[in-house]
Amino acid sequence: MEILGIGIVSPLGNGAEAFWQGLGREHGPATAERSVATSQGPRALTLFESSDAGLERFASRASLRRMDSFGKWALLAASLALEDAGLALGDAEKRRTGLALATGYGCQNATYAFLDEVIDHGDKCASPTHFANSVHNALASQISLGLGIQGPCQTLSAFEQSPMHALWCARGWLESGTVDRVLAGFGDESCGLLEYAIAATAQRPAEGQRVLPWNEGSFKVGTGYAALLLGPDGGRPGALRLGCLEQLSAPPEQAFARHRAVFVQAHGQRGPGSLHESWMALGNAVETRPFLGAMPTSQGFDIAAAALSLRHGQLRPAPKGSALLKPGDSLACVQADTDGGYHVACLHKD
Amino acid sequence: MSQGPVMVTGMGCVSALGLGAALSHQRLLEGGRAPGLPTLFRADCKEYGLVFEALAAPPVLGAGSRTNAMAFLAADEALAAARLELPSLDPARVGVCLGTTVGCSLNDEVFYRYFHGQEMPGPEAFVRYLSGNPAQALARRLGLRGPAVSVGNACASGTDALGLARRWLLDGLCDAVLAGGCDELCRTPYLGFTSLLNTSPEPCRPFDRARRGLNLGEGAAVLILESAAAAQARKAPVQGRISGYGSAVDAHHATAPHPEGRGLKAATARALGEAGLKPADIAFINAHGTATPANDQVEGRSMLEIFGPGAVLVSTKGATGHALGAAGALEAAFTLMALNDGQVGPTLGFEEMDPAIGLAATRAKTPVKGSAAISNSLAFGGQNSVLVLQRA
């Protein structure tokens, strides 16, 4: 597949250029430090919050009236990806464009806004707007309504495995000729309950239970939305390409040897010592977590960062040693999941 | 890349009709139903919508939720029917793809009420949620290491999960996939659909002139999908084929279908195209048929336009209620059983044709003349999804 356009809503700013510039700093702009009270005492969390700044360039205020912030991020990222690709979709193109979206937690704030109404005012006061915005595919709805996209659509959820599923789906549609292009989206939001749950769960990392990735990163809560406009590999010289999309049962150490650099999403709980530490020690691992915090769909942001690195010929975030990329260099993005699998996406630019 | 059919070699169903695919089909033909007020939870509504509860479904140890328990029961039945010994397969080549709405949401209301009241609840509900994604939970239970994902396309999730699983097989990602959908009844969708004025205090009447709205339901269905080559190699008991799948979004409204059925027509054309079939090849339509005024009018008129006045239209939601993320998977299984049996059941609640639709639904057991049928799902977000199914 070719990456035709990149749209980002992130704590580093909105748009591919702002994201790229932000990755050149020493670390990301943590937007809030919170002390979350739990029964075991207070726990500090760092939040990396995103905003919908710039959406007014793409959508009227009236059309956004019933849209919550998560929906706005998704629409903005999708609009920015089309703009980055220099593409204005005509009617026929809208019917030949698919949506393959990934989310780990879904639309949390709409779900809890719905429950807030019920708890505070009674069952009869349940809000139809909050209910409609609470379903996982509400973001697909906002994107399709905002951009007029009428192709096939999937919203996929498997925590940190979600981005790979969206990419497989996109590849299947493109290679089968079902569509001519796919907007792949990756995003998560935060909310008070999630922050509380992270803090409360951290007190009791039960042996053998599936829990959040246990390392410092778990307490850096990321938010945002990344969109990639993908097309079939047309053999264009200079195109940004997404190559392998693999799910592996064994640690993908060969990726570190094969690629110029590897963007890692790893945790510290598995095996002897910390997976995160052992990968970072390999020398060519880079991570976006200090810039963006952690969320289930972080791999989507890593792929965007890798694609922009290839576009600019310079690796960001910068690793130890040279950050310059040579023609032919390839990059990989590796996501470790808490079920023992590894998800590898490879990128290169001819 | 291949567009051919994939084989269905096993099916398992749980719904208000009972436990088991064959029993469900028998009861659909017999035509009994017994919706009632919710007993699984309490609600305080101005007008109470009736529901179809799957009360025959027992708890399953370690399932973590009623949604997952029903999925596990359906999967066990499907695996047995397919005579599929999972240890004989490479676990990395077996996928799980399940549609759901509540199954992948952290909407545990008791947990949230404590949090809302600043009472610092224990983290058990959150830990359970992290372990409870239905597809991942089923994969973990069966020791499978292939792709596992829950599809969150609201009421079309079950149909879309089957469509995605078919794509995995055609793309060579898997040798076999457990695919379907699962959803339990709970207060969030009950109050949500009530707030949208979409529910009926009477037994629902799909496509009827006097229809008032839907009855929610619950359940699960799991189908074992295999490539034609894999099914043939192990002499699997093929129960049918998924020959085509199409999906399209309306880009019209967050909760209402496009008035002309734009997305539904596009999805139908895409599904028929993948199957290499014409509208005349379709023996019957298993409609989404929720019994809401808007859905049934748009869907019925679209089907009339595509398939003509002789189309055989059936909705099984009169017998199961609307099982949300499970609906499309249950209905795909029901469709295949009707094709194999050569007869489709009545649309319970349908009596008088709506002149605004111009197409009647089945009133009694009806012979199936042909080998292929379609199963439709429409959903929030303007999602439209269609499967083309063919008998064994």
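The values are calculated or read from the model by the stated rules, or taken from the named source; none is laboratory data. What you are looking at is a predicted structure, and each value in this text was computed from that prediction instead of being measured. A quick note on method: Cβ atoms are made from the backbone with ideal geometry, for glycine too, and the neighbour counts reach across all protein chains shown. Keep in mind that these areas ignore ligands, DNA and RNA; they rest on the heavy atoms of the full protein, side chains included. Shrake-Rupley method; radii C 1.70, N 1.55, O 1.52, S 1.80 Å.
Brief remarks on what is shown
- Of the residues A:Ser322, A:Ser309, the single one that is of a type in the set (S, T, N, Q), open to solvent by less than 10 Å² (accessible area, probe 1.4 Å) and not assigned by TED's automatic domain parsing to the domain that holds A:Phe19 is A:Ser309.
A quick yes/no check of all residues on (1) surrounded by fewer than 24 Cβ atoms within 10 Å (Cβ to Cβ); (2) more than 17 Å from the chain's Cα centre (by Cα); (3) part of a loop (DSSP other than H, G, I, E, B):
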site	(1), (2), (3)
B:Leu84	yes, yes, yes
B:Cys97	no, no, no
B:Tyr112	yes, yes, no
B:Pro121	yes, yes, yes
B:Val127	yes, yes, no
B:Leu130	yes, yes, no
B:Ala137	no, yes, no
B:Thr159	no, no, no
B:Leu169	no, yes, no
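- Taking the criterion of being touching a residue at least 12 places away in the same chain (Cβ under 8 Å), among the small types (Gly, Ala, Ser) and more than 30 Å from B:Gly318 (Cβ to Cβ), the residues of segment B:214-261 that qualify are B:Ser227, B:Ala228, B:Ala230, B:Ala231, B:Ala236, B:Ala251.
- For A:Ala113: the one exception among (1) touching a Leu at 6+ places or on another chain (Cβ under 9 Å); (2) in contact (Cβ under 8 Å) with a residue 24 or more places away in the chain; (3) away from chain B (no Cβ under 11 Å); (4) among the small types (Gly, Ala, Ser): (1)
- For segment A:201-249, filtering for residues that are open to solvent by less than 40 Å² (accessible area, probe 1.4 Å), part of a strand (DSSP E or B) and modelled with pLDDT under 90 leaves 1.
- Strands (runs of 3 or more DSSP E) wholly inside segment A:1-117 that include at least 2 residues being over 18 Å from the mean Cα position of the chain (by Cα) and surrounded by fewer than 18 Cβ atoms within 10 Å (Cβ to Cβ): A:32-38, A:41-48
- Only a single item in (1) assigned to a strand (DSSP E or B); (2) more than 15 Å from the chain's Cα centre (by Cα); (3) of a type in the set (A, V, I, L, M) is not met by A:Ala345, and it is number (2).
- Residues in segment B:80-110 that are more than 8 Å from every other protein chain (Cβ to nearest Cβ) and in contact with a Phe, Trp or Tyr (Cβ under 8 Å, 6 or more places away or on another chain) were compared, and the one that is nearest to B:Leu130 (Cα to Cα) is B:Asp108.
- Being outside any loop (DSSP other than H, G, I, E, B) and either among the charged types (D, E, K, R) or open to solvent by less than 20 Å² (accessible area, probe 1.4 Å) (or both) is a property that does not hold for B:Leu185.
- Filtered residues of segment B:278-291 (kept if within 20 Å of B:Lys369 (Cβ to Cβ) and open to solvent by less than 40 Å² (accessible area, probe 1.4 Å)): B:Ile282, B:Ala283, B:Phe284, B:Ile285, B:Asn286, B:Ala287
- Residue count for segment A:118-129, restricted to those that are in a helix (DSSP H, G or I) and over 23 Å from B:His253 (Cα atoms): 6
- Within segment B:24-57, the residues that satisfy the criterion of being under 16 Å from B:Ala329 (Cα atoms) and in a helix (DSSP H, G or I) are B:Ser24, B:His25, B:Leu28.
- Selected residue (criterion: nearest to the other protein chains (Cβ to nearest Cβ)) from residues of segment B:224-250 that are open to solvent by 20 Å² or more (accessible area, probe 1.4 Å) and assigned to a loop (DSSP other than H, G, I, E, B): B:Ser227
- A:Val264 meets each of the listed conditions (1) modelled with pLDDT of 85 or more; (2) open to solvent by 40 Å² or more (accessible area, probe 1.4 Å); (3) not basic (Lys, Arg) apart from (2).
Condition check ((1) at pLDDT below 95; (2) within 7 Å of chain B (Cβ to nearest Cβ); (3) in a strand (DSSP E or B)) across all residues:
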residue: A:Phe131; (1), (2), (3): no, yes, no
residue: A:Ser141; (1), (2), (3): no, yes, no
residue: A:Ser144; (1), (2), (3): no, yes, no
residue: A:Gly151; (1), (2), (3): no, yes, no
residue: A:Gln154; (1), (2), (3): no, yes, yes
residue: A:Ser157; (1), (2), (3): no, yes, yes
residue: A:Pro163; (1), (2), (3): no, no, no
